[in-house]
Amino acid sequence: MPDDQPGPEVIRRLEEVTGILTDLTDVLAQEEELGRVLQRSVDQLTGTVGGADMASVTVLRGDSGETVAASSKDVWKIDQDQYAAGDGPCLEAARTGQPVRTSAEQALSRWPEFARGSRTAGVESYLSYPLFLGEDFVGSLNLYSCQHHGFADFDVALVQLYVTAACAAIANARRYARAREVVDQLNQALDSRAVIDQATGIVMARSGVSAERAFAMLIRQSQNTNVKLRTIASRLVAGQSAGDQGPGPDGG
């Protein structure tokens, strides 16, 4: 095999990342709740990225951090210690938009208050990669290893590939969900307008008034009874369909 061809291990790990991205896309097709999607991501990566014993997702709330997904309870404690200290690999990656890869020794010199506690928990290496899911979500994907040299250059490249593709997929899914919500709202508005127009016509026929007057009568009944206009209109249309030939909504 030529020297510039990837070895079987590289190909295997690339195929694994491709596979979990496919799984994530399938999840996005069925699941709109972002927290569950992010939880799926950390669960996937701990089984795929070599050396990743634990994983979490940090989101910035102002200048502070909050963990919104984690692979284990231990990670929550490690992240909380970092937020209490006000600095660390997760926060730095989220704030600067640059990946952070460091060993426990380097972390002790850069963030001593945080790193002492995490090392007690057995963490020897850190890899945090920035996440941007629109203006409302800025954070980082964080991997923790119990190995001294837990993350190689190839691991960083795999995480970059995963994060880039996952962020694009999540952003597209969120845009689709918003677009579908807008369409649903428009359809509801059109349905409401059609029912109100029908009810207005019924009041006009029953009371011998103009369209403006009939609509005003419906509005007044809605206000007097504290019932939505669409509900008033729907009841009137349903009554008409059932053969109710009673008076208009205000009795006139």
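The values are calculated or read from the model by the stated rules, or taken from the named source; none is laboratory data. Predicted model only: the values in this text are computed from it and were never measured. The protein model used for the area step is the full one, side chains on, heavy atoms only, and it has no ligands, DNA or RNA in it. Shrake-Rupley method; radii C 1.70, N 1.55, O 1.52, S 1.80 Å.
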Once all protein chains are kept in place, residue 110 shows an accessible area at probe 1.4 Å, nearest 10 Å², of 110 Å²
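Looking only at Cα atoms, what is the convex hull volume of region 32-77 per residue, in Å³? Before the final figure, lay out the partial values.
On the way: hull volume 3.5 nm³, N = 46.
Once divided by residue count, the hull of region 32-77 is 77 Å³.
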Which residues' amide hydrogens lie under 5 Å from the amide hydrogen of residue 131, considering only partners 5 or more residues apart or on another chain, with H built in the peptide plane?
139, 140, 141
Can you give the three extents of the C-alpha atoms in region 32-114 along their principal axes, from longest to shortest, in whole Å?
38, 31, 24
